[in-house]
1. Just give me the residues in the range 51-77 being in a loop (DSSP other than H, G, I, E, B) and at pLDDT 70 or above, in sequence order.
2. Which condition number in (1) modelled with pLDDT of 80 or more; (2) of a type in the set (Ser, Thr, Tyr); (3) loosely packed, with under 15 Cβ neighbours inside 10 Å is the one that Thr90 fails?
3. Please determine, by comparing only the residues of the range 31-50 that are within 20 Å of Val73 (Cα to Cα) and either at pLDDT below 80 or of a type outside the set (A, V, I, L, M, F, W, C) (or both), which one is surrounded by the most Cβ atoms within 10 Å (Cβ to Cβ).
4. Taking Gly82 as the residue in question, decide whether it is part of a loop (DSSP other than H, G, I, E, B), modelled with pLDDT of 70 or more and either under 28 Å from Arg111 (Cα atoms) or polar (S, T, N, Q) (or both).
5. In a helix (DSSP H, G or I), at pLDDT 80 or above and not small (Gly, Ala, Ser), is that true of Thr14?
6. State which residue is surrounded by the most Cβ atoms within 10 Å (Cβ to Cβ) when the search covers only the range 15-30 and only residues that are hydrophobic (A, V, I, L, M, F, W, C) and either more than 20 Å from Val73 (Cβ to Cβ) or in the same structural domain as Val73 (by TED's automatic domain parsing) (or both).
Amino acid sequence: MSAPANTVDHTPLTATLGAIKDFQPLPARITVHLDAGYDHRPARQALAERDLRGQIAHRGAPAPLQVGRRWVVERTHAWFNGFGRLRHCTARRRDCVNAYLRLAAAIVTIRALRRAAWYRYRWDSRPSSPRIR
């Protein structure tokens, strides 16, 4: 889900937490890991309303869960920054921005699948490099 810059973090959080019901069956008690941007009352209330346990970093302290040295989200943002249309997106309509995001996500996914296939399998028309140009 896309959201414009400088919005309050709990606004897209409630919509995202509402989409959890689409992933059934779920474990009995779910822990949601959030960064310090969600360290306020509305975010905690949104978690409590859905009976979710939240582990939220406190302001000035490191985040509760990190993957190696970089967050998965930061890595994904770096991949998306390779697409100029997303870096300089001036579209005001949310459906246009979402279309660019979905196209970039599809390209990133296809590149990852092709790179994995290049290392695992051999075929006649296999390119000389795993990188998609």
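1. Once the filter is applied, which keeps residues that are in a loop (DSSP other than H, G, I, E, B) and at pLDDT 70 or above, the range 51-77 yields Asp51, Leu52, Ala57, His58, Arg59, Gly60, Ala61.
2. Checking Thr90 against (1) modelled with pLDDT of 80 or more; (2) of a type in the set (Ser, Thr, Tyr); (3) loosely packed, with under 15 Cβ neighbours inside 10 Å, the one that fails is (1).
3. In this case the residue turns out to be Tyr38.
4. The answer is yes for Gly82.
5. When the stated conditions are applied, Thr14 passes them.
6. In this case the residue turns out to be Leu26.
The values are calculated or read from the model by the stated rules, or taken from the named source; none is laboratory data. This is a predicted model, so every value here is computed, not measured. Counting neighbours? That spans all protein chains shown, and the Cβs are built from the backbone with ideal geometry, glycine included.
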